Structure formats: C-alpha cells, structure tokens
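Comments concern the structure below.
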Amino acid sequence: MKKISIVLSILALGASLQLSAQKVYATKTGQLFFNATGGIEKIAAVNNQVDSKFVDATGQIIFGVLVKGFKFENQLMEDHFNENYMESTQFPKADFKGYIKNIKEVDFSKEGKYPVTIEGNLTIHGVSQKVSTAGTLEVTQGKPTIIGEFSIKIKDYGIKGLYIGEKIANEAKIKVNCKYQN
C-alpha cells in the first residue's frame, strides 16, 4: 500500500511539473481590422480591444471581441453597423476558439517568423462556422505576435441588410494582429 501511494505521488508530481512547463500567453489589446468595402464608400473599422489567449504546448487559442468596440471613421456608419447589421445589443460578442495546428514547429526560445495554420470555430452574430487560415507567429524577445488575414461571407453568419452586395461587400476581410505577454 505504501508503494502505491509513493508511485501515485510521483505521478502527480510529474503531471504538475508537465502542466507548469506550459505557458499561457495573453493580450487584451490585440487588434482586429474589418473591411467590407463593396461600393463607393469605405466600410472599414478597427477594434483595439481584442482579448486573446493561447497555450504554447497545445496550440489552443481563443479570441474574444466586443462588437461595439469596432471604430469607424464615420460615426453614422458605426451606428448602422451596430444597430442594423450586427445587432450588437442582441449579439454583443464575437469569438474564435481553435488550435494552432502546427504549434510544435514554433521555437519560442528562438526569435523568428514561423508560418502557422489556425483552425477552429468563429462565432459572429450568434452563428458558428468552421474557419481555417494561414498566418504568422513571430517571436521577438521571447514574446509572440500572431498576424493573420482571412475572409468570411457575411450572409453565412446570418447578417442581413439592404446594402449587402452593393455598398457592402458580400465578403468581409479580417486582419488580426495580437502581441502577447506571458
């Protein structure tokens, strides 16, 4: 019995050491750029309050953003975005939950730019869709930055409006830039 408890103690210690070797990187000041320019008017915004975390050992990554945090050059356009299209009172957040598929190829102890593939579920306007995109994970002074760009079809997320396909593009381009701390 004594041998069993010693073995269990050693296993528990090993598991806790393995968990402590994982690093969780986080930011609350990531940037998300949105562009759905379709016609004459520029329809673009930025949100500088992206909340994101990722685990270096597993590649698990999450992004969260408040829809009302998007800032447009034109206040009226921002109001229409929140009230008529995104319905941000009813759907206040958008998020992404997924994995950096090739996280094992990133050497966090060595500065450089590493190509990464990110896959997961993007939820906007209460609708979740699987997405996959290529990006870059850059390590500078031991701190990672994730940069990526992808497009989404606006109607795939249940977003409706008079000008989609005219003044507003059918697809929105999204750029992500998150500098993490550990």
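The values are calculated or read from the model by the stated rules, or taken from the named source; none is laboratory data. If you're wondering where the values come from, they're calculated on a predicted model, not measured in any experiment. Note that each Cβ is placed from the backbone with ideal geometry, even for glycine, and that neighbours are counted across all protein chains shown.
Residue-wise test of (1) out of contact with any strand residue (DSSP E or B) (no Cβ under 6 Å at 6 or more places or on another chain); (2) at pLDDT 95 or above; (3) within 30 Å of N84 (Cα to Cα); (4) charged (D, E, K, R).
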{"site": "K101", "(1), (2), (3), (4)": "no, yes, no, yes"}
{"site": "V106", "(1), (2), (3), (4)": "no, yes, no, no"}
{"site": "S109", "(1), (2), (3), (4)": "yes, no, no, no"}
{"site": "V127", "(1), (2), (3), (4)": "yes, yes, yes, no"}
{"site": "D156", "(1), (2), (3), (4)": "no, yes, yes, yes"}
{"site": "C178", "(1), (2), (3), (4)": "no, yes, yes, no"}
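Return yes when L76 is in contact (Cβ under 8 Å) with a residue 12 or more places away in the chain and among the hydrophobic types (A, V, I, L, M, F, W, C) and no when it is not. The answer is no for L76. Of all residues in region 82-136, those satisfying the criterion of being hydroxyl-bearing (S, T, Y), more than 12 Å from the chain's Cα centre (by Cα) and over 24 Å from F72 (Cβ atoms) are S109, Y114, T117, S128, T136. With respect to the conditions (1) touching a helix residue (DSSP H, G or I) at 6+ places or on another chain (Cβ under 9 Å); (2) within 19 Å of Q181 (Cα to Cα), G126 lacks only one, and its number is (2).
For region 23-43, filtered to residues that are surrounded by fewer than 16 Cβ atoms within 10 Å (Cβ to Cβ) and outside any strand (DSSP E or B), the residue that is nearest to the chain's Cα centre (by Cα) is K23.
So in region 163-176, with the set limited to residues that are under 17 Å from the mean Cα position of the chain (by Cα) and buried (at least 17 other Cβ atoms within 10 Å of the Cβ), which one is farthest from Q141 (Cα to Cα)?
Taking region 163-176 and keeping what is under 17 Å from the mean Cα position of the chain (by Cα), we get 172-176.
With the extra rule that they be buried (at least 17 other Cβ atoms within 10 Å of the Cβ), the set shrinks to 172, 174, 176.
Numbers: A172: 33, I174: 27, V176: 21 Å.
The residue in question is A172.
Against the conditions (1) more than 18 Å from T37 (Cβ to Cβ); (2) in contact with a Lys or Arg (Cβ under 9 Å, 6 or more places away or on another chain); (3) in contact (Cβ under 8 Å) with a residue 60 or more places away in the chain; (4) in a strand (DSSP E or B), E171 satisfies every one except (1).
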